[in-house]
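Scroll down for the structure; my scribbles are underneath it.
The values are calculated or read from the model by the stated rules, or taken from the named source; none is laboratory data. Worth saying up front: this structure is predicted, and the values here are computed from it rather than measured. Note that we place each Cβ from the backbone using ideal geometry, even for glycine, and neighbour counts take in every protein chain shown.
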Amino acid sequence: MATAKDIFIKPIKASAANAIVKKIHYSGKVVSNSSLHFGVFLNGRLEGAMQFGSPMDKRKSLALVKGTLWSEMIELNRMAFSDDLPRFSESRAIGYALREIKKNYPHIKWVQSFSDATACGDGTIYRASGFYLTSIKENSSIYEFPDGKRIAVMSLTNSGDQKGRKKCCEKYGAKYDSSSSMKPFIDIGAKKADGNMLRYIYFLHKECKEMLAVPLIDFSEIDKSGAGMYKGKKVTLKSRRSKQATIGDHSISGGAAPTTTLHYSSKQ
């Protein structure tokens, strides 16, 4: 049986990463800002990808760590793994990617990523990989449409790129305008997805932690704020730990497995 030590991680072309992310990731979409792509292989077959790039609102992100220059941070835009990968592959892969970024792009001082606790999970893999929790907020960036499809607000309200807005209006019969308002979509039944968004930061340059401009949040606050989610279901960290202690299932807590919604089985 294959183990995490059997996987192979290496940089890949954007086209290859985009293809598998569209196939595996629950959103079915890639982030156009991604510029650095790592593939995760098992037995020579691409079974996952991690995509890094600029945040959608980079100026806002820069302010999180005082003194950060434009080129000194990056975001993990997308991370998706096949069910065919062995347990612990996620933590091994993300650890490799972070080490490679630190080695080959020494000017990058820290990494940001978000966990979608409206449909996926609360960031188990990030906590296990040494990321710090810096924000828990009720979701306001993802809307659920009448057909159940979830769409990021940014893709509908970006005044510099109206293609997504126009396409969505045509699909759902919303009245198109060139504003950055969500009102046309709310009028046809779109609503904020229930849940939370959690922001995590990893410091490639450890001294940057002292320059963090926002408070660090203890992981216990995830339960206190009702933001816990695992495999797309609302669940507390406490209950996961209790279940692990009862049945000895290391996949329940500790960062070994990401949420099911990020998984896809290539076996047909």
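How do the strands (runs of 3 or more DSSP E) wholly within segment 1-94 filter down when requiring 2 or more residues that are within 25 Å of Thr134 (Cα to Cα): which remain? Step through it out loud before you land on a result.
Numbers: elements: 8-11, 34-42, 45-53, 73-81.
Answer list for segment 1-94: 34-42, 45-53, 73-81.
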Open item on the list: I need a count of the residues in segment 202-242 that are without any contact (Cβ under 8 Å) to a residue 24 or more places away in the chain, crowded, with 17+ Cβ neighbours inside 10 Å and not in a loop (DSSP other than H, G, I, E, B).
Closed with: 1
- [ ] Only one of these is in the same structural domain as Phe203 (by TED's automatic domain parsing), under 18 Å from the mean Cα position of the chain (by Cα) and charged (D, E, K, R): Arg87, Arg59, Arg78. Name it.
- [x] Arg78
Open item on the list: So, in segment 172-194, exactly how many residues are surrounded by fewer than 13 Cβ atoms within 10 Å (Cβ to Cβ) and either outside any loop (DSSP other than H, G, I, E, B) or basic (Lys, Arg) (or both)?
Closed with: 3
Task: Single residue of Lys231, Lys209 found to be of a type outside the set (Val, Ile, Thr) and under 21 Å from Arg150 (Cα atoms) - done: Lys231
- [ ] Give me a count of the residues in segment 112-132 that are assigned to a strand (DSSP E or B) and either touching a helix residue (DSSP H, G or I) at 6+ places or on another chain (Cβ under 7 Å) or basic (Lys, Arg) (or both).
- [x] 3
Open item on the list: When you scan segment 71-87, do you find a residue that is farther than 19 Å from Gly123 by Cα and without any contact (Cβ under 8 Å) to a residue 24 or more places away in the chain, even just one?
Closed with: no
Open item on the list: So Leu156 passes all but one of these: (1) farther than 30 Å from Ile9 by Cα; (2) surrounded by 17 or more Cβ atoms within 10 Å (Cβ to Cβ); (3) at pLDDT 95 or above; (4) of a type in the set (A, V, I, L, M). Which condition number does it fail?
Closed with: (3)
Task: Matching option when the condition is over 22 Å from Thr118 (Cα atoms) and among the hydroxyl-bearing types (Ser, Thr, Tyr), among Ser220, Ser179 - done: Ser179
Task: Leading residue by the ranking (farthest from Leu212 (Cα to Cα)) among those in segment 134-153 that are surrounded by 13 or more Cβ atoms within 10 Å (Cβ to Cβ) and among the acidic types (Asp, Glu) - done: Glu144
Open item on the list: Among the residues in segment 36-51, are any modelled with pLDDT under 95, closer than 22 Å to Leu204 by Cα and surrounded by 13 or more Cβ atoms within 10 Å (Cβ to Cβ)?
Closed with: no
TODO: Only one of these is charged (D, E, K, R) and either surrounded by 15 or more Cβ atoms within 10 Å (Cβ to Cβ) or over 18 Å from Leu204 (Cα atoms) (or both): Lys103, Lys29, Lys66. Name it.
DONE: Lys29
